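Here the structure comes first, spelled out in structure tokens, and everything after it is commentary.
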Amino acid sequence: MAGRFITFEGGEGAGKSTQIARLGARLEARGLPVVVTREPGGSPRAERIREAVLGGGAKPFGPLAEAILFSAARLDHLDATIRPALARGAFVLCDRFLDSTRAYQGLDDRIEGNILRALERVVVAGTRPDLTIVLDVPPKLGLERAAARRTEQGEGADRFEAEDLAFHERLREAFRTIAASEPARCVLIDAARPPDKVEAEIWHVVKDRFGSDLAAATARRRAHG
Ligand code: TYD
């Protein structure tokens, strides 16, 4: 069985990692193999690019160079982590993917749409997400959540968190536009609500989309006692 590729997108502090962990636990409890990964990063080589980009080292080169670096990281992540996991039949849950490049690097048309699409075509090729959960949260709330988490972990704001509120407002609109333009792939979820509510809605969507995988896993478990 080929696996399923689910990506999580949204602005800062939308709660992606919490929701990924919860969905992963639900799938595993049903006997399904799960691989949790993230971008930028997700493979040893891509993690090295992550350090450079999120540390701000690539900012002076401009958005196109940043998009190319995120894409280089993605190329390796796909080859080293995502495609092998899908080939093994795993549910791959990925924290950010191509929509983050569209939204962040493509914000305010800083990069021509056809250049971004060409990059996607060569890098992502046929490995498009089966489902993309877009967690939507007012940026003020998201940034507060992200700042609280960083303080807890003793870290400073990273490259994009440090942008102003207006940037994050436009980013939210960019994600909402992506979700609206690809309704077959994307589901927009109100993530300002308590995590349990968000988790329940995501589970509803996943059961709806992948009900036959869940049923097959249950049948396999029954057959093996
Ligand atoms: P991360 O610490 O993973 O933050 P978050 O919890 O918000 O996901 O940082 C990832 C940052 O990189 C985030 O600010 C979004 C940005 N990013 C891009 O700008 N383009 C991309 O293609 C990706 C994958 C991430």
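The values are calculated or read from the model by the stated rules, or taken from the named source; none is laboratory data. Here the structure is a predicted model, which means the values were calculated and not measured. As a convention, Cβ positions derive from the backbone with ideal geometry for all residues, glycine included, and neighbour counts pool all protein chains shown. The protein model used for the area step is the full one, side chains on, heavy atoms only, and it has no ligands, DNA or RNA in it. Shrake-Rupley method; radii C 1.70, N 1.55, O 1.52, S 1.80 Å.
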Could you sort Arg170, Arg221 by accessible area so the largest value comes first, with the probe set to 1.4 Å?
-> Arg221, Arg170
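Let me know the charge dipole size of the chain about its Cα centre in debye, to the nearest 20, where only the beta-carbon of Lys, Arg (+1) and Asp, Glu (-1) is charged.
On the way: 35 positive and 33 negative charges, 201 e Å.
Approximately 960 debye in magnitude.
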What net charge is computed for the residues neighbouring Ala192, neighbours being all others with C-beta under 12 Å from the C-beta of Ala192, Lys and Arg scored +1, Asp and Glu -1?
-> +2
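With a 1.4 Å probe and all protein chains in place, put Leu119, Leu171, Leu165 in order of accessible area, largest first. Intermediate values should be presented prior to the final figure.
On the way: Leu119 35, Leu171 0, Leu165 75 Å².
Greatest to least solvent exposure: Leu165, Leu119, Leu171.
Give the range of the longest stretch in the chain that excludes all GluC sites (Glu not before Pro) found in loop regions by DSSP and having at most 15 other beta-carbon atoms within 10 Å. Don't skip to the answer; put the middle values down first.
Values: sites that count: Glu112, Glu155.
With GluC sites (Glu not before Pro) excluded where exposed in loops, the chain gives 1-111 as its longest stretch.
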Quick one: Karplus J couplings for segment 94-106, per residue in order, coefficients 6.51, -1.76, 1.60, θ = phi - 60°, nearest Hz, x for Gly and Pro?
-> 10, 7, 6, 7, 4, 5, 5, 5, 4, 6, 6, 6, x
Any chance you could check the Cα centroid distance between segment 1-79 and segment 85-125 for me, in angstrom?
-> 10
In nanometres, the difference between 0.36 nm per residue of separation and the alpha-carbon distance of Arg48 and Ala215 is 56.2 nm
For the residue pair Ala72 and Glu163, what label-to-label distance in nm results when each label sits 7 Å from Cα along the Cα-to-beta-carbon direction?
-> 2.1
For Ile49, Ile115, give the ranking by accessible area with the largest first, probe 1.4 Å.
-> Ile115, Ile49
For Lys59, counting only lysines whose alpha-carbon sits under 27 Å away and dropping same-chain residues fewer than eight positions off, the answer is Lys16, Lys140
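Let me have the 222 nm mean residue ellipticity of the chain computed from DSSP H runs of 4+ only, each contributing -39500 (n - 2.57), with the sum over all residues rounded to the nearest 500.
Values: 8 runs with 117 residues, N = 225.
The helix contribution divided over the chain gives -17000 deg cm²/dmol.
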What chymotrypsin sites (Phe, Trp or Tyr not before Pro) in segment 52-123 are in a loop by DSSP, with at most 10 other Cβ atoms within 10 Å of the Cβ?
-> none
